[in-house]
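Worksheet: one structure, shown below.
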Amino acid sequence: MSNSSLPEQTVSHPTQSPATTTEPRPSYVKLAMRNMVRKRATSLQHFILTTVGLLAVLVGLAYLTR
């Protein structure tokens, strides 16, 4: 049984040469980080707005539940 699967593995590897293998697509995180570097001002603005909004929500909940 292992002899029959061994030739299949050796046959499939030589058909994939390094030139024909494609590089995997970048992950979503890598694309997002690259976009953040390119559009630095917009990213910082959104980060600051998100931080201020989150702090406002937390302070508002703390005030309401005191």
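Across the stretch 37-49, in residue order, what do the Karplus-derived ³J(HN,Hα) couplings come to in whole Hz, using 6.51 cos²θ - 1.76 cosθ + 1.60 with θ = phi - 60° and x for Gly and Pro?
Running phi through 6.51 cos²θ - 1.76 cosθ + 1.60 with θ = phi - 60° gives 5, 5, 10, 4, 5, 5, 5, 5, 4, 5, 5, 5, 4 Hz.
Order the following by accessible area, largest value first: Thr50, Thr42. Probe radius 1.4 Å; ligands, DNA and RNA are ignored.
Putting Thr50, Thr42 in descending order of accessible area: Thr50, Thr42.
The values are calculated or read from the model by the stated rules, or taken from the named source; none is laboratory data. Computed from a prediction, not measured in an experiment: that's the story for all the values here. Surface accessibility is based on the protein's heavy atoms, side chains included, excluding ligands, DNA and RNA. Shrake-Rupley method; radii C 1.70, N 1.55, O 1.52, S 1.80 Å.
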